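S.K.: The structure that follows is given in the form of structure tokens.
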């Protein structure tokens, strides 16, 4: 290690005034996190979303390639940099943009502020036991002191009541959930809720203080149900053969471990968690509740339930407060589930506009809104966007090519972690196709051009015949077969979008906004997606990343019970459009199989 790498520098962050000493080469975002300061980032620090902007106030920060890609020349001149890429080599002072006011959560898609109005409330009380002159029951003493209409407490609380009243009188807080008394607190404890993004691949949980609206801790992990299949159809097949209990047990035990992690980090007990809101696709929500998903895999693909009543967390084995309730986001239609409903909730402030929202994955979910009317559909794209079924495909991890550019005479790639390329993730795959089209190494039909400098012939191996392949980096070859896999997924999403627009009587030119949601969407290059025809032909500037909007929608439901009522009402108005089974799908799919056709 060089002396420069070991040298310590001092970083000062405004407006907090917090200061830290870090080794040279530490990124600003890492330094800020050490101080407990939050800097917004949708792309996980990959330098793609451009949201982690900070401003240099004193000192110097070299301009990085990520800065040039995401910031204008004027912004660079004003000292703006991306915190995820900035690695200061001398003392400097940095200003972080002021976040939303405490007690509010800002929707990723709509940019609207959501006031605190949780289903929980705390009522301070001072109680005395009944007297000889006035001798109502202990319960009447309690209920008289509470707001009119308060619901009756559970038996467990009644069992504690006599002792509480007679230990010299009782001063403390009554805890109400949805207007029902569920607990006393003599020593004040936090009131918390959980927001859960129950993804097919990844599970994210956030612990939120219901009295401040602040996220106290976050936990994430790969969904343990993956051992029984990467996609929901495989898991439905396992549940059909063996019952849903095993898959339910896997996810509930995983959530319980995540709760342990969240509460340990926040320094609270699980009894302080009174409510949880879950956003997951139709199959994931069914399996969480142990509902048989059999008929979701058979025509006409009918779920057991679309609008879930509140569920006692203890009923499914989720260990929170004994009276904690679980709320699941509603299913909008067949395979368009609660995760898409949560995305819609984040965009509910834009219902008077015309927009398209797309969450691209193994199953692509699409929302379309025009002047208050909402349509939705889904498309089974397969796992190509996640790197599966691609010879050199891999998840977005160290060693994966995540970006590809054609520089006029050569390909340039960016590798996660900055080391040697070992494979290609979904965003890199889309970039690679766009770059090969630009280079003339690939035509619109998806054929590689024999004789092009980027293309070589691979000899037959095993059951595979000779085939052409494009070399993206040493040891990373994209074959003709790989390109066909991407074509199928690309055409499925593109055809579903086109048919949804047709069902609404709209054209791509009518769209005012195109929102990209989900983990994959936030890494996607809009230019590359437009070039290959994955997205409809729109101006790149109307494309906006809204990050993990499913998780954000769940957060909104945790901190504001009115948001839960709003999405329940909106779900009943959404029009589900069946595109895959329609007569026009195959014709549209055949058109979209060509790269770049609008």
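The values are calculated or read from the model by the stated rules, or taken from the named source; none is laboratory data. Only a predicted model underlies this, so the values are computations on that prediction, with no experimental measurement involved. Glycine gets a Cβ as well: all are built from the backbone with ideal geometry, and neighbour counts include every protein chain shown.
S.K.: Would you point out which residue out of 262, 320 is touching a residue at least 12 places away in the same chain (Cβ under 8 Å), surrounded by 21 or more Cβ atoms within 10 Å (Cβ to Cβ), part of a loop (DSSP other than H, G, I, E, B) and touching a strand residue (DSSP E or B) at 6+ places or on another chain (Cβ under 9 Å)?
M.R.: Within the list 262, 320, the selection yields 320.
S.K.: Would you mind stating whether residue 403 is in a strand (DSSP E or B), free of Cβ contacts under 8 Å to residues at least 60 places away in the same chain and in contact with a strand residue (DSSP E or B) (Cβ under 8 Å, 6 or more places away or on another chain)? I'd like the intermediate steps shown before the answer.
M.R.: On the way: in a strand (DSSP E or B): yes; free of Cβ contacts under 8 Å to residues at least 60 places away in the same chain: no; in contact with a strand residue (DSSP E or B) (Cβ under 8 Å, 6 or more places away or on another chain): yes.
Against the criterion (in a strand (DSSP E or B), free of Cβ contacts under 8 Å to residues at least 60 places away in the same chain and in contact with a strand residue (DSSP E or B) (Cβ under 8 Å, 6 or more places away or on another chain)), residue 403 does not qualify.
S.K.: Within region 205-215, is even one residue free of Cβ contacts under 8 Å to residues at least 60 places away in the same chain, over 18 Å from residue 271 (Cα atoms) and within 15 Å of the chain's Cα centre (by Cα)?
M.R.: Just the residues of region 205-215 that are free of Cβ contacts under 8 Å to residues at least 60 places away in the same chain, to begin with: 205, 209.
Subset that is over 18 Å from residue 271 (Cα atoms): none.
No, every residue in region 205-215 fails to be free of Cβ contacts under 8 Å to residues at least 60 places away in the same chain, over 18 Å from residue 271 (Cα atoms) and within 15 Å of the chain's Cα centre (by Cα).
S.K.: For region 214-249, name all the residues that are in contact with a strand residue (DSSP E or B) (Cβ under 9 Å, 6 or more places away or on another chain) and either at pLDDT 95 or above or outside any strand (DSSP E or B) (or both). Step through it out loud before you land on a result.
M.R.: Pass one, region 214-249, residues in contact with a strand residue (DSSP E or B) (Cβ under 9 Å, 6 or more places away or on another chain): 214-224, 231-233.
Result: 214, 223, 224, 231, 232, 233.
S.K.: Would you be able to say whether some residue in region 309-317 is buried (at least 18 other Cβ atoms within 10 Å of the Cβ), more than 22 Å from residue 202 (Cα to Cα) and in contact with a strand residue (DSSP E or B) (Cβ under 9 Å, 6 or more places away or on another chain)?
M.R.: Scanning region 309-317 turns up at least one residue that is buried (at least 18 other Cβ atoms within 10 Å of the Cβ), more than 22 Å from residue 202 (Cα to Cα) and in contact with a strand residue (DSSP E or B) (Cβ under 9 Å, 6 or more places away or on another chain).
S.K.: Look at residue 429 and say whether it is in contact with a helix residue (DSSP H, G or I) (Cβ under 7 Å, 6 or more places away or on another chain), outside any loop (DSSP other than H, G, I, E, B), surrounded by fewer than 21 Cβ atoms within 10 Å (Cβ to Cβ) and not assigned by TED's automatic domain parsing to the domain that holds residue 64.
M.R.: So residue 429 does not fit the description; no.
S.K.: Have a look at 391, 418 and point out the one that is at positive phi and surrounded by fewer than 24 Cβ atoms within 10 Å (Cβ to Cβ). Let's see the steps before the verdict.
M.R.: Working: 391 fails: at positive phi.
Only one candidate passes the filter, namely 418.
S.K.: Listed residues 509, 504, 470, 491; which is surrounded by 16 or more Cβ atoms within 10 Å (Cβ to Cβ) and out of contact with any strand residue (DSSP E or B) (no Cβ under 6 Å at 6 or more places or on another chain)? Break it down into steps so the answer makes sense when it comes.
M.R.: Working: 509 fails: surrounded by 16 or more Cβ atoms within 10 Å (Cβ to Cβ); 504 fails: out of contact with any strand residue (DSSP E or B) (no Cβ under 6 Å at 6 or more places or on another chain); 470 fails: out of contact with any strand residue (DSSP E or B) (no Cβ under 6 Å at 6 or more places or on another chain).
Sole residue among the options that is surrounded by 16 or more Cβ atoms within 10 Å (Cβ to Cβ) and out of contact with any strand residue (DSSP E or B) (no Cβ under 6 Å at 6 or more places or on another chain): 491.
S.K.: Out of curiosity, is residue 361 at pLDDT below 95, crowded, with 24+ Cβ neighbours inside 10 Å, within 21 Å of the chain's Cα centre (by Cα) and not in a strand (DSSP E or B)?
M.R.: Yes: the conditions hold for residue 361.
S.K.: Also, quick follow-up: Given 526, 536, which one is farther than 20 Å from residue 199 by Cβ, touching a strand residue (DSSP E or B) at 6+ places or on another chain (Cβ under 8 Å) and touching a residue at least 24 places away in the same chain (Cβ under 8 Å)? Outline the logic, then answer.
M.R.: On the way: 526 fails: touching a residue at least 24 places away in the same chain (Cβ under 8 Å).
The conditions single out 536.
S.K.: Go over the candidates 332, 328, 356 one by one and state the one that is more than 28 Å from residue 193 (Cβ to Cβ), buried (at least 24 other Cβ atoms within 10 Å of the Cβ) and over 15 Å from the mean Cα position of the chain (by Cα).
M.R.: After ruling out the rest, the residue left standing is 356.
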